[in-house]
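Report on the following structure.
The values are calculated or read from the model by the stated rules, or taken from the named source; none is laboratory data. Given the structure is predicted, the values throughout are model-derived calculations rather than measurements. Here the Cβ positions follow ideal geometry from the backbone for every residue, glycine too, while neighbour counts run over all protein chains shown. For accessibility, only protein heavy atoms count, side chains too; no ligands or nucleic acids. Shrake-Rupley method; radii C 1.70, N 1.55, O 1.52, S 1.80 Å.
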Amino acid sequence: MSSRLFVFILPIVVIAIFWAMARREVKRGVDPTHKSFFERNGTTLGIVFIMLVAFWTLFLVALPYLYMVVESFHPQLPPLKRGGPDDYLTIAQYKSFFVTPNSGLANATHMWAFVFSILASMAVTALNFAICYPLAYYMAQAGTPQKVRLIMLGLIVPYWVNEILRAFSLRLLLASKGLINQVLMASGITDTPIDFLGNNTGLYVGLSYAYLLVMMFPLYNAIESLDKNQIEAARDLGAPWWRIHKDVVIPYAKPGIASGCTMVFMLSAGSLAAPQFLGGPRTLWFTAIIYDFFFQNFNWARGAAYSFILLFACIALVMAMLRLFKVSLGETIK
């Protein structure tokens with residue numbers, strides 16, 4: 001059986017597992033008040049739910065990833081040679097990330113792009129947290145309901161515009177002849193335009209702005225559930241403001257902080273539009289390299305390998321950070 005055939009047979013196996021789990025629940029007769037899945041929804045509707053969940057999980061989530069996993073272990077071949085004697089399993093595509101296939105030298109360009117993308121995503125995550133934490137605390141603990149609604153509306157309305165238009169708008173603002181430089185020079189603050197795009201300021205601003213709400217809502221939800229009496233008690237005991245946040249608010253909100261930071265980091269590392277539109281001429285983002293392999297070089301095998309290198313590196317880094325700050329994975333999805 002070929003590896004590609006195995007990938008397409010797997011959905012049938014998973015659907016069978018879902019079905020077996022549902023049938024097993026029927027046999028749970030210990031608690032008379034407990035109704036099984038089919039008793040709650042009916043046989044017909046239960047089968048429909050199982051098929052819909054299986055379709056979504058497999059064909060829209062798992063199956064594309066599994067196919068890319070298989071693709072990443074194959075050489076680059078034209079369609080006519082697929083399945084022939086030249087089509088075999090290999091780790092050459094993963095090896096090409098470290099060593100350039102043609103020259104045999106270290107692939108410094110791609111490795112540097114990978115490191116820069118990871119470090120820049122971490123910087124964007126830290127910047128978003130620094131911006132969102134004070135605002136989330138004010139909205140959750142200090143602001144009046146009217147002010148909270150106005151702030152929430154001001155945060156949400158700009159996201160009615162899609163990401164590409166927002167990136168272009170920021171590019172117009174941050175360009176050498178953009179509005180910000182014109183204001184700075186007109187007011188005498190600077191004599192020459194500041195190259196916001198060339199020094200990657202536009203990149204950090206664009207990524208931070210793109211995923212601001214992804215950080216804001218988990219922080220707000222976590223801090224909002226904190227009992228205000230705990231903060232008042234800390235103040236009555238003479239704790240300074242920084243000690244209240246360090247010992248009361250942040251430990252309580254750690255699941256929300258971890259959830260927001262994880263999503264911002266993963267989305268930033270996998271972003272494509274903002275780095276292309278707002279990055280400098282010397283900025284090489286790792287996802288742009290992956291995009292070129294897929295749609296410019298038509299080297300799907302190498303593009304898939306690079307995609308999984310980025311994915312596994314991000315997952316490993318996130319898990320390490322969760323372990324470092326003593327937050328379980330289950331707490332981040334509450």
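Checking the stated criteria, A316 turns out to be without any contact (Cβ under 8 Å) to a residue 12 or more places away in the chain and within 18 Å of the chain's Cα centre (by Cα).
Please tell me if S117 is assigned to a helix (DSSP H, G or I), at negative phi and not basic (K, R). Yes: the conditions hold for S117.
Going by the structure shown, is F308 touching a residue at least 40 places away in the same chain (Cβ under 8 Å), over 17 Å from the mean Cα position of the chain (by Cα) and not in a loop (DSSP other than H, G, I, E, B)? For F308, the condition - touching a residue at least 40 places away in the same chain (Cβ under 8 Å), over 17 Å from the mean Cα position of the chain (by Cα) and not in a loop (DSSP other than H, G, I, E, B) - is not met. Search region 199-231 for residues being touching a helix residue (DSSP H, G or I) at 6+ places or on another chain (Cβ under 7 Å) and not in a helix (DSSP H, G or I), and hand back the single one that is most open to solvent (accessible area, probe 1.4 Å). Of everything passing the filter in region 199-231, Y211 is most open to solvent (accessible area, probe 1.4 Å). When you look at F277, is it of a type in the set (F, W, Y) and farther than 22 Å from A313 by Cβ, yes or no? Judged against the criteria, F277 is a match. Checking each residue of region 268-289 against the condition of being in a helix (DSSP H, G or I), within 27 Å of M68 (Cα to Cα), at pLDDT 90 or above and open to solvent by 70 Å² or more (accessible area, probe 1.4 Å) gives no match.
Just to be sure, is R243 basic (K, R), more than 23 Å from N199 (Cβ to Cβ) and open to solvent by 60 Å² or more (accessible area, probe 1.4 Å)? So R243 fits the description; yes. Which of the residues that make up region 36-50 are surrounded by 14 or more Cβ atoms within 10 Å (Cβ to Cβ), modelled with pLDDT of 70 or more, over 32 Å from the mean Cα position of the chain (by Cα) and of a type in the set (A, V, I, L, M, F, W, C)? The answer is I47, and nothing else. Does T109 fit the bill of being assigned to a helix (DSSP H, G or I), among the β-branched types (V, I, T), modelled with pLDDT of 90 or more and surrounded by fewer than 17 Cβ atoms within 10 Å (Cβ to Cβ)? So T109 passes the test.
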